Amino acid sequence: MQELESKYIAKNIEKKWYDRWLSKNVFHSLPDERTPYTIVIPPPNVTGVLHMGHMLNETIQDVLCRKERMNGKNVCWVPGTDHASIATEAKVVNLLKEKGINKADLSREEFLKYAWQWKEEKGGIILQQLKELGCSCDWDRTKFTMDEDMSQAVIKVFCDLYDKGLIYRGVRMVNWDPKAQTAVSDEEVIYKDQHSKLYYLRYRFADEKDGYVVVATTRPETIMGDTAVCVNPKDERFASLKGKKLIVPIVNREVPVIFDEYVDMTFGTGALKITPAHDINDYNIGIKHKLNSINIFNDNGTLNDNGLAYKGMDRFDCRKKIVEDLQSADLIEKIEDYDNKIGLSERTSVPIEPKLSMQWFCKMKQMAEPALKAVESGQIKFHPEKFINTYRHWMEDTKDWCISRQLWWGHRIPAYYLPNNEYVVALSLEQAFEKAKQIMPDIKIEDLRQDEDVLDTWFSSWLWPMSCFNGINEPENEEIKYYYPTSDLITGPDIIFFWVARMIMAGLEFRKEIPFKNVYFTGIVRDKLGRKMSKTLGNSPDPLLLIDKYGADGVRMGMLMCSPAGNDLPFDEAYPEQGRNFSNKIWNALRLISGWTEEETEQPESSKLAVEWFKERMNVMLEQIEDDFSKYRLSECLKNIYSFIWDDFCSWFLEIIKPEYQKPIDKKTYRETISVFEDLMKILQPFMPFVTEEIYHKLRERPEDEFLMNACYPKSSKKENPMDGEFVFIKEIITSIRGLRNSKGLSPKQVLQCYIKESGSKDLILKYESIITKLANIDRINFVSDKQEGTLSLMVRTTEIFIPVSQNINKEEEIKKINEQIKYYEGFIVSINKKLSNEKFVNNAPEKVVALERKKLADCETKLNALKQELASLQN
RNA sequence: GGGAGUAUAGCUCAGUUGGUUUAGAGCAUCUGCCUUACAAGCAGAGGGUCAUAGGUUCGACUCCUAUUACUCCCACCA
């Protein structure tokens with residue numbers, strides 16, 4: 001075999017293998033007779049770059065795909081990107097601004113041309129980055145939510161829901177994002193705690209010179225929109241206000257005092273100013289009491305004509321100014337510190353402004369019902385299960401979904417307005433024209449004007465598992481029938497409502513079938529201090545730099561080592577480092593084996609035993625692995641494989657079969673070792689595809705395109721595996737002899753003598769004698785009936801081992817140690833006896849348990865006796 | 001305000017329906033080793049009243065109740 005570097009350099013081989021995999025198109029899937037395993041990627045924003053959250057998410061998907069591929073399934077992992085209307089539009093607007101172009105100066109068509117151009121040039125970088133991570137996506141199927149067929153599906157679904165009466169248009173109070181200048185859905189509003197102020201303003205009586213009512217508000221700038229002051233009818237303090245009018249400060253508008261039970265008497269002064277245009281509650285009260293609604297804001301959050309002297313100011317500048325003005329007019333009673341929650345736009349992080357406007361809505365209730373059932377019945381499984389509660393809570397109380405966005409980048413709403421402002425909804429302008437003619441027979445097609453708004457991004461994402469296979473446009477096509485429902489969805493719990501719930505609704509609504517069978521919720525990647533990774537904190541490592549430093553395999557392992565489903569992952573560079581070290585460890589195992597020359601010599605007993613034992617161990621591990629995968633315990637699974645390879649294979653198996661320096665190895669052991677090593681690479685392949693592939697090809701001559709991922713995952717042969725348990729005992733013996741060596745400062749090179757007291761374990765020890773002598777570096781095992789002179793004792797379970805040491809034994813030290821042990825076992829015996837002398841225990845506990853306690857007792861007594869003898873011999 | 005979850009070694013987590021020697025792993029720490037695959041390593045070691053207080057039971061890390069702390073979700077109190 002060839003010379004190998006002493007360190008594994010991931011960089012040197014990862015690209016090579018990824019290119020080979022691509023060139024042989026091994027990730028591509030087409031329907032065939034095999035069972036499909038389908039995952040659609042949660043499409044990242046087309047503008048996005050890879051962050052740690054993606055790394056975790058995509059690694060998990062790739063592990064599952066690669067495992068199923070080796071299980072013989074027809075794996076199809078569809079990659080793609082989301083047009084992300086708000087985020088992308090904002091990005092394009094900014095880019096244009098840098099070029100000195102103002103969006104407002106462009107026509108819709110001109111703007112979209114720029115946007116598409118930018119998307120073609122810079123979009124989808126993230127997909128390239130996934131390749132660095134080793135993701136086995138079917139790149140031929142790469143989708144984009146604004147692809148022609150995907151867009152068609154969106155429009156079709158819109159029309160369908162409209163025809164079913166589930167989509168309607170109307171004026172409602174919506175969440176307005178003044179920066180993006182669009183409405184957003186309830187789910188896109190993030191509430192955050194904020195230290196603010198509570199201002200107590202004086203509203204003078206209109207018909208009295210002196211009196212006034214004090215009203216508490218957090219938003220003094222909205223007084224310009226006040227149309228009433230409201231108090232609770234039960235509030236005796238305000239009983240005299242019936243029929244009174246008040247003067248809004250600064251504005252000097254006369255407004256009525258109204259009475260409504262809504263008002264909390266205990267809050268503030270018990271008097272509430274009503275601004276129907278800018279607060280959802282005030283809006284409702286306004287309707288109930290037939291109040292005027294005065295809008296004081298422009299769409300960008302500045303004051304409009306109703307803002308009087310403050311016209312043109314930003315809403316927050318206005319607040320400062322108006323407070324100053326109120327103070328100078330002595331209209332503020334007091335200002336208190338106050339903590340409240342404020343709604344921020346998920347995308348732009350600016351405070352949301354409630355705004356009354358004409359929008360499109362989708363009714364959810366009808367679709368939510370079966371979607372809830374699908375999860376509650378277990379048809380769709382959540383991992384971990386606790387998210388079912390979250391899901392149920394939301395599904396039982398769904399609000400209508402505001403789906404229109406005042407943007408250009410996205411799917412334009414297929415509603416067409418007639419000159420009289422009536423509208424029709426249709427798949428195309430032509431079809432709309434046909435419909436319009438029925439309303440207005442003499443209409444011309446040019447008279448139709450399409451709605452300016454686009455649809456919420458999630459209105460296309462919720463179709464993703466179907467539209468990836470063109471299942472909306474051609475519901476009977478072969479692909480959708482084969483790949484749908486998909487198998488697993490891997491995503492974060494933060495988009496359970498945005499996306500997961502809506503996909504389930506859409507799947508059931510449009511295909512009468514669930515979109516996926518399992519949902520695996522990942523945790524959130526945090527930094528060491530437990531903070532979320534964010535650009536502004538600068539605490540997020542660059543994934544590509546990590547890959548460069550530790551290899552994709554190392555990073556993949558690092559992401560998985562501590563991320564059980566649903567648990568947050570506190571990221572630390574120590575994890576990928578551990579991953580890299582693991583790659584290196586395996587690499588060095590390869591180097592060891594590569595240095596061996598095989599020869600037709602007899603197989604040593606120790607090697608024969610080691611091979612037999614390792615195969616049994618492999619069986620046990622394979623069952624463990626299958627169990628872990630079935631429960632999506634990937635983190636546990638990888639840890640098990642890690643210690644299986646590092647400890648069992650490298651530290652024990654290889655050390656046993658390792659021939660003496662520069663001696664050849666017998667053919668049989670050598671061949672078995674190669675084969676076992678190959679199996680280990682198969683087991684690890686889903687987690688660490690690169691290093692395993694490289695080693696697989698170095699272990700044996702094989703064609704370049706005979707890829708590890710196409711091999712079969714090893715299966716347990718499922719027989720009894722007694723040696724696995726026996727070996728644990730043998731390891732204990734070896735470890736304790738090594739421990740003695742260590743504590744007495746004896747060199748590992750020094751061959752020791754070893755006496756073992758005859759006992760029931762004699763046969764077992766004899767069976768493994770060859771291994772014990774080799775790994776503990778002892779001469780041979782001598783069975784004796786009593787302790788030998790000049791020896792130190794070891795106790796492994798109930799077996800006594802005596803090791804002669806040449807140096808003087810420090811009697812006092814030994815006596816002290818033994819006394820400590822005696823004390824421990826005596827205490828232990830007391831506690832066992834307590835149990836055994838308890839009649840209720842003996843009568844009620846299962847026989848097995850009682851027998852076990854008796855055995856414990858017997859074992860302890862044996863040990864105690866031995867210790868006492870030992871003590872006596874030392875004290876002589 | 002409502003709901004959910006978590007609490008085990010310095011850190012991150014296992015601990016399967018209560019009973020396998022008065023709790024396990026990885027990382028970190030300490031000791032000794034550059035032993036001829038690997039110092040990105042080898043051989044060992046130390047470290048825990050299983051959040052607190054009660055209860056159920058022959059027996060509780062495991063089940064129940066309360067308390068405390070943290071996390072998350074939901075909700076229109078200005």
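The values are calculated or read from the model by the stated rules, or taken from the named source; none is laboratory data. Because the structure is predicted, anything quoted here is derived from the model rather than measured. Quick reminder, even Gly has a Cβ in these numbers, built from the backbone with ideal geometry, and neighbours come from all protein chains shown. Heavy atoms of the whole protein, side chains included, go into the accessibility calculation; ligands, DNA and RNA do not. Shrake-Rupley method; radii C 1.70, N 1.55, O 1.52, S 1.80 Å.
Before moving on, here are some points about what is shown:
- Close Cβ contacts (under 7 Å, 6 or more residues apart or on different chains) running from residues in segment A:728-756 that are free of Cβ contacts under 8 Å to residues at least 40 places away in the same chain to residues that are buried (at least 17 other Cβ atoms within 10 Å of the Cβ) comprise A:ARG738/A:ALA776; A:PRO748/A:ARG741; A:PRO748/A:ASN777; A:VAL751/A:ASN777; A:VAL751/A:ILE778.
- Scanning segment A:715-735 finds one or more residues that are open to solvent by 10 Å² or more (accessible area, probe 1.4 Å), part of a loop (DSSP other than H, G, I, E, B), in contact with a Leu (Cβ under 8 Å, 6 or more places away or on another chain) and away from RNA strand B (no atom under 16 Å from the Cβ).
- Each residue in segment A:119-164 was checked for being outside any helix (DSSP H, G or I) and touching a residue at least 60 places away in the same chain (Cβ under 8 Å), and 12 pass.
For (1) surrounded by 15 or more Cβ atoms within 10 Å (Cβ to Cβ); (2) outside any loop (DSSP other than H, G, I, E, B), each residue gets a yes or a no:
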{"site": "A:GLN379", "(1), (2)": "no, no"}
{"site": "A:ILE388", "(1), (2)": "yes, yes"}
{"site": "A:HIS393", "(1), (2)": "no, yes"}
{"site": "A:LYS399", "(1), (2)": "no, no"}
{"site": "A:TRP408", "(1), (2)": "yes, no"}
{"site": "A:ASN420", "(1), (2)": "no, no"}
{"site": "A:LYS435", "(1), (2)": "yes, yes"}
{"site": "A:PRO441", "(1), (2)": "no, no"}
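- Every residue from segment A:551-570 that is touching a strand residue (DSSP E or B) at 6+ places or on another chain (Cβ under 7 Å) and either open to solvent by 10 Å² or more (accessible area, probe 1.4 Å) or not hydrophobic (A, V, I, L, M, F, W, C) (or both): A:CYS562, A:SER563, A:ALA565, A:GLY566, A:ASP568, A:PRO570
- For segment A:237-248, the candidate set comprises residues that are at pLDDT 90 or above and among the charged types (D, E, K, R); within that set, the residue that is farthest from A:GLY211 (Cα to Cα) is A:ARG237.
- Restricting the first member to segment A:583-600 and to residues that are open to solvent by less than 60 Å² (accessible area, probe 1.4 Å), and the second to residues that are within 6 Å of RNA strand B (Cβ to nearest atom), the beta-carbon pairs closer than 7 Å and six or more apart or on different chains are A:SER583/A:TYR8; A:ASN584/A:LYS7; A:ASN584/A:TYR8; A:TRP587/A:TYR8; A:ALA589/A:CYS650; A:ALA589/A:LEU654; A:LEU592/A:LEU654.
- Tabulated pairs, segment A:226-246, first farther than 14 Å from A:ASN281 by Cβ, second open to solvent by 70 Å² or more (accessible area, probe 1.4 Å) and more than 14 Å from RNA strand B (Cβ to nearest atom), C-beta under 7 angstrom, 6+ apart or interchain: A:LYS245/A:ASP207; A:LYS245/A:GLU254; A:LEU246/A:ARG204
- Residue within segment A:509-521 that is part of a helix (DSSP H, G or I) and more than 26 Å from A:ALA87 (Cα to Cα) present: yes
- Residue within segment A:794-813 that is in a helix (DSSP H, G or I), farther than 21 Å from A:SER747 by Cα and polar (S, T, N, Q) present: no
- Any hit, segment A:822-833, residues being closer than 30 Å to A:LEU746 by Cβ, more than 8 Å from RNA strand B (Cβ to nearest atom), part of a helix (DSSP H, G or I) and open to solvent by 70 Å² or more (accessible area, probe 1.4 Å): yes
- Search result, residues across segment A:624-652 that are of a type in the set (Asp, Glu) and under 24 Å from A:GLU732 (Cα atoms): A:ASP647, A:ASP648
- Selection of segment A:643-664 for residues being near RNA strand B (Cβ under 7 Å from one of its atoms) and open to solvent by less than 50 Å² (accessible area, probe 1.4 Å) yields A:SER643, A:CYS650, A:SER651, A:LEU654.
- Tally of residues being away from RNA strand B (no atom under 16 Å from the Cβ), within 16 Å of A:ARG702 (Cβ to Cβ) and more than 29 Å from the chain's Cα centre (by Cα) across segment A:1-35: 3
- Cross-chain or 6+ apart pairs with Cβ under 7 Å, segment A:166-195 first and farther than 21 Å from A:ASN284 by Cβ, then at pLDDT 90 or above and of a type in the set (Lys, Arg): A:LEU166/A:LYS363; A:THR182/A:ARG405
- Matching entry among A:ASP210, A:ASP264 (being more than 13 Å from RNA strand B (Cβ to nearest atom), over 29 Å from A:ILE86 (Cα atoms) and open to solvent by 20 Å² or more (accessible area, probe 1.4 Å)): A:ASP210
- Checklist (1) among the acidic types (Asp, Glu); (2) near RNA strand B (Cβ under 8 Å from one of its atoms); (3) closer than 23 Å to A:GLU789 by Cα applied to A:GLU870, failing item: (2)
- Remark: A:PRO686 matches the filter, which requires a residue to be in a loop (DSSP other than H, G, I, E, B), closer than 20 Å to A:TYR8 by Cα and not hydrophobic (A, V, I, L, M, F, W, C).
- Residue match in segment A:514-521 (condition: of a type in the set (S, T, N, Q) and within 15 Å of RNA strand B (Cβ to nearest atom)): no
- Filtered by the rule that a residue be open to solvent by 10 Å² or more (accessible area, probe 1.4 Å), part of a helix (DSSP H, G or I) and not hydroxyl-bearing (Ser, Thr, Tyr), segment A:222-240 gives A:GLU236, A:ARG237, A:PHE238, A:ALA239.
- Checking A:GLU612 against (1) open to solvent by 60 Å² or more (accessible area, probe 1.4 Å); (2) farther than 18 Å from A:GLU655 by Cβ; (3) not basic (Lys, Arg), the condition it does not meet: (2)
- Checking the stated criteria, A:VAL805 turns out not to satisfy the condition of being in contact with a Leu (Cβ under 8 Å, 6 or more places away or on another chain) and within 9 Å of RNA strand B (Cβ to nearest atom).
- Of the residues making up segment A:274-281, none is of a type outside the set (S, T, N, Q), open to solvent by less than 70 Å² (accessible area, probe 1.4 Å), out of contact with any helix residue (DSSP H, G or I) (no Cβ under 8 Å at 6 or more places or on another chain) and over 20 Å from A:LEU326 (Cβ atoms).
- From the options A:ARG780, A:ARG797, residue that is open to solvent by 60 Å² or more (accessible area, probe 1.4 Å) and within 10 Å of RNA strand B (Cβ to nearest atom): A:ARG797
- Residue, farthest from RNA strand B (Cβ to nearest atom), within segment A:551-569, restricted to residues that are under 21 Å from A:GLU636 (Cβ atoms) and of a type in the set (Gly, Ala, Ser): A:GLY558
- Count of residues meeting criterion [farther than 14 Å from A:PRO686 by Cβ and crowded, with 20+ Cβ neighbours inside 10 Å] in segment A:617-640: 3
- Exclusive hit being away from RNA strand B (no atom under 16 Å from the Cβ) and surrounded by 19 or more Cβ atoms within 10 Å (Cβ to Cβ), set A:LEU684, A:LEU680, A:LEU708: A:LEU708
- Of residues in segment A:570-613 being farther than 12 Å from A:GLY554 by Cβ and among the basic types (Lys, Arg), the one nearest to RNA strand B (Cβ to nearest atom): A:ARG591
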